[in-house]
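Only one structure is covered here, and it is reproduced in the block below.
The values are calculated or read from the model by the stated rules, or taken from the named source; none is laboratory data. Nothing here was measured: the structure is a model prediction, and the numbers come from that model. Reconstructed Cβ throughout: ideal geometry from the backbone, glycine too, with neighbour counts over all protein chains shown.
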Amino acid sequence: MSHDDIIRRSAAAQAAALGTGEISSEELTRAHLDRIAAVDGELNAFLHVNEDEALTTSRDVDARRAAGDQLHPLAGVPIAVKDVVVTEGQPTTAGSRILEGWIPPYDATLVTRLRAAGLPILGKTNLDEFAMGSSTENSAFGPTRNPWDTGRIPGGSGGGSAAAVGSYEAPLAIGTDTGGSIRQPGAVTGTVGVKPTYGSVSRYGLIAMASSLDQAGPVTRTVEDAALLHELIAGHDPLDSTSLPDPVGAYAEAARSRDVRGLRIGVIEELEGEGFAPEVRARFTESLDHLERAGAEIVRVSCPNFRYALGAYYLIMPSEASSNLAKFDGMRFGLRVVPEDSPTAESVMKATRGAGFGDEVKRRILLGTYALSAGYFDAYYGSAQKVRTLVQRDFTAAFDSVDVLASPTSPTVAFRLGEKVDDPMAMYLNDIATIPANLAGTPGISVPSGLAEDGLPAGIQFLAPIRADERLYRVGGALEALLEDAWGGPLLAKAPELATIAQGAK
Ligand code: GLN
């Protein structure tokens, strides 16, 4: 059997192959490790690969299956985890030099769930430092490259997870989304990304960027796979004070229903006009046409305060980050720089933070500290919080008349590495469509909408009311099926082959 074939299947199909005995988890895990060895030199999607641990888990699952144990449906299917999620005994850097060498003493709750279900963890994926960015170029360990074109960015901050899934290094991955870091990388790599309702996946063990906005979620190649992974990682966690008590929804069932008859889809007027690339808009409109023909009702809705969302986000997010990042002081975690001339506690903190944080992280700590300082607090942070309330009200009003909202996920296809790295404002503008959902806590999904400028993938985003995540799977699964019928297969099948390094040569 060709392993090249099996790693290209969806996670659900890989799980089925494990169930029928077509392949063992050890073989499946090894096939993915081989793929990583062959292509990751070029992509840099992984910061850390843990071959031994992944293989040990896979053998354990194989033994349990042979013994007739009742296994989780995804047991034995490998997964990659964004390196901002802590893993006991495994390096966790958040893409920062300041955490280099730190080994967490505990697992994040979602990692505990992955382990309990028997998913071999292949390793930790690259990201913009502390998840701040839209291109993965802010990683202290070099950028990740887009599998569609290695001269381009894979999105960010979770570019590593998206590139790993898009290049068949992993069938599943975990991302985190504070302002779009799951959905935007999904859009520019032709993969699926879901930001669940705030509070539905535990934040315990996520290295916090902005606690009121952060949410972990699935990065996959199909909508059904995202649903299966979402069901596994969601659910109440007493270790996270903002965790919702709700039962987990039937997401996979919704993903398979493919029925959008009567579904009211609202096109957000503020998020589809100029500023969005022509072909990205064309793919968006075609996607809506498909859904309309399948029985959905398309209406236009206005969310007038969304135009202020980006500005509010870039005050709230740095404010929370400046406070969350205060703990990285050279005393407790990772890097410690001791100046020879004056080794006082204060000078060690200063030198460690100076050497350990990159430019973007420093920029945001400065912004956040300024916005929170006495005298400016009301003008900046206070005003931003008021805008946040107005954005939430726009959502509430819109969901009075529609079931889901839609927009292109990202204004453009993947841009070139280096193109925006010296222009923070241009980089921030990438998040224009994804940020409102984080401010309001609403769930969102990005699904491939087709090929746009330069033959590169674009994404369509659907947003649902808080706690109505299953609607995302219903509409996302239906659109995916309609588009794949039209394309004659998955969009990723159109990606060019990556140059591989012959086995043993690395
Ligand atoms: N690109 C956004 C930012 O830089 C979002 C990051 C994220 O979602 N982690 O803040």
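Please give the helices (runs of 4 or more DSSP H) falling wholly within region 1-118 in which 2 or more residues are polar (S, T, N, Q).
Values: elements: 3-6, 11-20, 25-43, 51-66, 109-116.
Output list reads 11-20, 25-43, 51-66, 109-116.
Going through region 302-322 one residue at a time, which ones are of a type outside the set (A, V, I, L, M, F, W, C) and within 23 Å of the chain's Cα centre (by Cα)? Even if it seems obvious, please write down each step before you answer.
Start the filter on region 302-322 by keeping residues that are of a type outside the set (A, V, I, L, M, F, W, C), which leaves 302, 304-305, 307-308, 311, 313-314, 318-320, 322.
Scanning region 302-322 gives Gly311, Tyr313, Tyr314, Pro318, Ser319, Glu320, Ser322.
Taking the stated definitions as given, is Thr178 more than 9 Å from the ligand (Cβ to nearest atom) and either of a type in the set (S, T, N, Q) or touching a Pro at 6+ places or on another chain (Cβ under 7 Å) (or both)?
Details: more than 9 Å from the ligand (Cβ to nearest atom): no; either of a type in the set (S, T, N, Q) or touching a Pro at 6+ places or on another chain (Cβ under 7 Å) (or both): yes.
So Thr178 fails the test.
Test Leu325 against the stated conditions and say whether it is part of a helix (DSSP H, G or I), in contact with a Gly (Cβ under 9 Å, 6 or more places away or on another chain) and either among the aliphatic types (A, V, I, L, M) or surrounded by fewer than 16 Cβ atoms within 10 Å (Cβ to Cβ) (or both).
Yes, satisfied.
Residues of region 420-441 being touching a residue at least 60 places away in the same chain (Cβ under 8 Å), surrounded by fewer than 24 Cβ atoms within 10 Å (Cβ to Cβ) and either away from the ligand (no atom under 12 Å from the Cβ) or not in a loop (DSSP other than H, G, I, E, B) (or both), which ones?
Val421, Pro424, Met427, Tyr428, Leu429, Gly441
Within region 284-301, take every residue that is assigned to a helix (DSSP H, G or I) and acidic (Asp, Glu) and give me the one that is nearest to the chain's Cα centre (by Cα).
Filtering region 284-301 down to residues assigned to a helix (DSSP H, G or I) leaves 284-293.
Keeping just the survivors that are acidic (Asp, Glu) gives 286, 289, 292.
Numbers: Glu286: 25, Asp289: 27, Glu292: 28 Å.
Among residues in region 284-301 that are assigned to a helix (DSSP H, G or I) and acidic (Asp, Glu), the one nearest to the chain's Cα centre (by Cα) is Glu286.
Taking region 249-265 as the region of interest, how many residues are over 13 Å from Leu482 (Cα atoms), surrounded by fewer than 18 Cβ atoms within 10 Å (Cβ to Cβ) and not small (Gly, Ala, Ser)?
Residues flagged as over 13 Å from Leu482 (Cα atoms), surrounded by fewer than 18 Cβ atoms within 10 Å (Cβ to Cβ) and not small (Gly, Ala, Ser) within region 249-265 amount to 3.
Tell me, which residue of region 50-67 that is surrounded by fewer than 19 Cβ atoms within 10 Å (Cβ to Cβ) and within 27 Å of the chain's Cα centre (by Cα) is nearest to Gly166 (Cα to Cα)?
Residue satisfying both the conditions and the ranking: Glu51.
Within region 312-322, can one find any residue that is in a helix (DSSP H, G or I), at pLDDT 95 or above and surrounded by fewer than 16 Cβ atoms within 10 Å (Cβ to Cβ)? So that I can check it myself, show each step before the final result.
In the first step, residues of region 312-322 are kept if they are in a helix (DSSP H, G or I); the result is 312-322.
Subset that is at pLDDT 95 or above: 312-322.
From what's left, surrounded by fewer than 16 Cβ atoms within 10 Å (Cβ to Cβ): none.
Within region 312-322, none of the residues are in a helix (DSSP H, G or I), at pLDDT 95 or above and surrounded by fewer than 16 Cβ atoms within 10 Å (Cβ to Cβ).
Spot the failing condition for Asp400; the list is (1) within 23 Å of Pro465 (Cα to Cα); (2) in contact (Cβ under 8 Å) with a residue 12 or more places away in the chain; (3) more than 16 Å from the ligand (Cβ to nearest atom), and only one is missed.
Answer for Asp400: the failing condition is (2).
Can Pro411 be described as touching a Phe, Trp or Tyr at 6+ places or on another chain (Cβ under 9 Å), at pLDDT 95 or above and not basic (Lys, Arg)? Step through it out loud before you land on a result.
Numbers: touching a Phe, Trp or Tyr at 6+ places or on another chain (Cβ under 9 Å): yes; at pLDDT 95 or above: yes; not basic (Lys, Arg): yes.
Here the answer is yes, as Pro411 does meet what is asked.
Give the residue, chosen from Gly375, Gly334, Gly356, that is of a type outside the set (Ser, Thr, Tyr) and farther than 26 Å from Leu127 by Cα. First the steps, then the outcome.
Values: Gly334 fails: farther than 26 Å from Leu127 by Cα; Gly356 fails: farther than 26 Å from Leu127 by Cα.
Sole residue among the options that is of a type outside the set (Ser, Thr, Tyr) and farther than 26 Å from Leu127 by Cα: Gly375.
Residues Gly123, Gly95, Gly118, Gly101: which one is closer than 23 Å to Leu229 by Cβ and more than 17 Å from the chain's Cα centre (by Cα)? Let's see the steps before the verdict.
On the way: Gly123 fails: more than 17 Å from the chain's Cα centre (by Cα); Gly95 fails: more than 17 Å from the chain's Cα centre (by Cα); Gly101 fails: closer than 23 Å to Leu229 by Cβ.
Being closer than 23 Å to Leu229 by Cβ and more than 17 Å from the chain's Cα centre (by Cα) holds for just one of Gly123, Gly95, Gly118, Gly101, which is Gly118.
Which residue, of Ala355, Ala255, Ala250, Ala312, is small (Gly, Ala, Ser), touching a helix residue (DSSP H, G or I) at 6+ places or on another chain (Cβ under 6 Å) and away from the ligand (no atom under 16 Å from the Cβ)? Talk me through it step by step, then tell me what you get.
Details: Ala355 fails: touching a helix residue (DSSP H, G or I) at 6+ places or on another chain (Cβ under 6 Å); Ala250 fails: touching a helix residue (DSSP H, G or I) at 6+ places or on another chain (Cβ under 6 Å); Ala312 fails: away from the ligand (no atom under 16 Å from the Cβ).
It is Ala255.
Go through region 335-382 residue by residue and tally those that are under 19 Å from Glu129 (Cβ atoms) and either among the aromatic types (Phe, Trp, Tyr) or more than 25 Å from the chain's Cα centre (by Cα) (or both). If you could, list the steps in order and put the result at the bottom.
Our first condition is that a residue be under 19 Å from Glu129 (Cβ atoms); within region 335-382, this holds for 335-337, 349-369.
With the extra rule that they be either among the aromatic types (Phe, Trp, Tyr) or more than 25 Å from the chain's Cα centre (by Cα) (or both), the set shrinks to 335-337, 349-355, 357, 366, 369.
Looking only at that region, the number is 13.
Filter region 68-79 for residues that are under 14 Å from Ala170 (Cα atoms) and of a type outside the set (Gly, Ala, Ser); which is surrounded by the fewest Cβ atoms within 10 Å (Cβ to Cβ)?
Going residue by residue through region 68-79, those that are under 14 Å from Ala170 (Cα atoms) are 74, 76-79.
Going one step further and asking which of them are of a type outside the set (Gly, Ala, Ser), we end up with 74, 77-79.
Numbers: Leu74: 24, Val77: 31, Pro78: 29, Ile79: 29.
Step by step, filter region 68-79, then rank; the result is Leu74.
Please determine whether any residue of region 231-244 is among the β-branched types (Val, Ile, Thr) and either within 16 Å of the ligand (Cβ to nearest atom) or in contact with a Pro (Cβ under 7 Å, 6 or more places away or on another chain) (or both).
Initial filter on region 231-244 (among the β-branched types (Val, Ile, Thr)): 233, 242.
Checking the rest, the ones that are also either within 16 Å of the ligand (Cβ to nearest atom) or in contact with a Pro (Cβ under 7 Å, 6 or more places away or on another chain) (or both) come to none.
No: region 231-244 contains no residue that is among the β-branched types (Val, Ile, Thr) and either within 16 Å of the ligand (Cβ to nearest atom) or in contact with a Pro (Cβ under 7 Å, 6 or more places away or on another chain) (or both).
If you check every pair at least six apart or on different chains, which have Cβ atoms under 7 Å apart with a residue in region 200-226 that is in contact (Cβ under 8 Å) with a residue 60 or more places away in the chain and among the hydroxyl-bearing types (Ser, Thr, Tyr) first and a residue that is in a strand (DSSP E or B) and crowded, with 24+ Cβ neighbours inside 10 Å second?
Partner pairs satisfying both residue conditions: Ser200/Ala234; Thr220/Leu172; Thr220/Val192; Thr222/Val192.
Check Asp34 against each of (1) farther than 23 Å from Gly205 by Cβ; (2) touching a strand residue (DSSP E or B) at 6+ places or on another chain (Cβ under 7 Å); (3) surrounded by fewer than 19 Cβ atoms within 10 Å (Cβ to Cβ) and name the one condition it does not meet.
With respect to (1) farther than 23 Å from Gly205 by Cβ; (2) touching a strand residue (DSSP E or B) at 6+ places or on another chain (Cβ under 7 Å); (3) surrounded by fewer than 19 Cβ atoms within 10 Å (Cβ to Cβ), Asp34 is out only on (2).
For region 100-149, which positions are away from the ligand (no atom under 16 Å from the Cβ) and over 30 Å from Leu18 (Cα atoms)?
Glu100, Gly101, Trp102, Ile103, Pro104, Pro105, Phe141, Gly142, Arg145, Asp149
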